[in-house]
Amino acid sequence: MKAEKKLETNVKNVERIVAPPPKHWVGDGFNVHGFFPHGPLTGERMSPFFLLDYNSLVDFPPREKPFGVGPHPHRGFETVSIAYKGKVAHHDSRGGGGVIGEGDVQWMTAGSGLLHKEYHEGEYNKQGGPFQMVQLWVNLPAKDKMTTPKYQAITNAEMGRVALENGGEVEIIAGEFGGVKGPATTFSPVHLYNLKPKEGEKIELSFPAGYTTAILAIEGSVTLNNSETLPTNQLALFERDGEDIRVEALEDSILLVMSGEPLNEPIAQYGPFLMNTRAEIAEAIDDYNTGKFGYLAD
Ligand code: MN
């Protein structure tokens with residue numbers, strides 16, 4: 001009885017279950033549900049996260065022309081790209097580039113800024129097939145917004161791993177679960193996992209009170225806190241209060257779990273620039289127009 005009472009007093013309740021918003025195209029390669037910033041899920045509410053674009057599972061036909069999004073700038077935040085199905089190639093104005101393979105993550109710190117382009121990888125593009133991808137924007141604290149751009153290419157094999165009791169597992173990208181750390185370094189406290197329970201598996205998650213916490217159901221469905229159901233392709237947003245979340249898998253599932261300490265700093269956004277003030281946005285636009293982000297061919 002005592003244990004149950006403790007769980008109840010510390011529970012992090014579901015604030016809302018969000019159905020996938022209508023899809024829009026990013027370039028011609030990414031057909032995404034823009035979960036946030038959208039409606040009540042503002043940049044302030046979701047901080048330190050700012051944007052979540054989810055390309056739910058689709059089957060692209062074989063194509064010759066590479067599909068994706070051409071050269072564009074970023075400044076003031078990080079883009080975290082998670083490939084669940086399919087592969088994405090990227091190139092940037094600093095000479096960097098690479099492929100995000102199936103199951104892999106690219107954590108890009110845009111910082112002071114760069115131009116990049118993101119395309120379906122050549123062989124995948126020619127063959128076609130299943131495609132499922134998440135891009136999460138993680139805001140940078142004011143003091144780090146102009147940090148030097150960098151990548152963390154995190155292969156699936158490099159992720160932290162915790163085996164669950166019924167054969168499921170947790171892949172830790174950033175932060176910590178069950179004493180195991182993820183490889184990504186972050187500028188503010190962030191936990192990011194793929195939770196992969198088998199049917200019937202029960203998992204207890206715990207995050208500090210005050211953290212912004214959400215779970216996106218990539219595959220399958222689960223019950224949260226013994227009450228709410230989270231179906232495939234929907235997002236659960238939790239209250240800031242409370243610490244403990246109980247997950248019970250209704251079937252074999254894949255869940256993207258994100259939790260982070262809010263930055264509590266002013267947010268000024270214009271397209272691909274995410275700063276603290278309008279003056280910094282004006283400066284970013286000026287720097288872009290005068291070539292300070294470098295050059296990148298189509
Ligand atoms: Mn981009």
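General observations
- The number of residues in the stretch 6-36 that are over 26 Å from residue 85 (Cα atoms), touching a residue at least 12 places away in the same chain (Cβ under 8 Å) and of a type outside the set (A, V, I, L, M) comes to 5.
- Filter result (away from the ligand (no atom under 11 Å from the Cβ) and either at pLDDT below 95 or among the hydrophobic types (A, V, I, L, M, F, W, C) (or both)) within the stretch 63-77: 63, 64, 65, 66, 67
- Of the residues making up the stretch 37-59, those that are in a strand (DSSP E or B) and touching a residue at least 40 places away in the same chain (Cβ under 8 Å) are 41, 49, 50, 51, 52, 53, 54, 55, 56, 57, 58, 59.
- Residue count for the stretch 255-298 satisfying the condition of being over 12 Å from residue 50 (Cα atoms), within 16 Å of the ligand (Cβ to nearest atom) and either of a type in the set (D, E, K, R) or buried (at least 20 other Cβ atoms within 10 Å of the Cβ) (or both): 3.
- Selection from the stretch 58-78 of residues that are touching a Ser or Thr at 6+ places or on another chain (Cβ under 9 Å) and not aromatic (Phe, Trp, Tyr): 71, 73, 75, 76, 78
- Taking the conditions (1) farther than 30 Å from residue 145 by Cβ; (2) among the hydrophobic types (A, V, I, L, M, F, W, C); (3) in contact with a His (Cβ under 9 Å, 6 or more places away or on another chain) in turn, residue 255 satisfies each one other than (3).
- When 232, 290 are screened for being polar (S, T, N, Q) and without any contact (Cβ under 8 Å) to a residue 12 or more places away in the chain, only 290 passes.
The values are calculated or read from the model by the stated rules, or taken from the named source; none is laboratory data. A quick note: this is a predicted structure, and the numbers were derived from the prediction, not measured. Please note: Cβ atoms are built from the backbone with ideal geometry, for glycine as well, and neighbour counts cover all protein chains shown.
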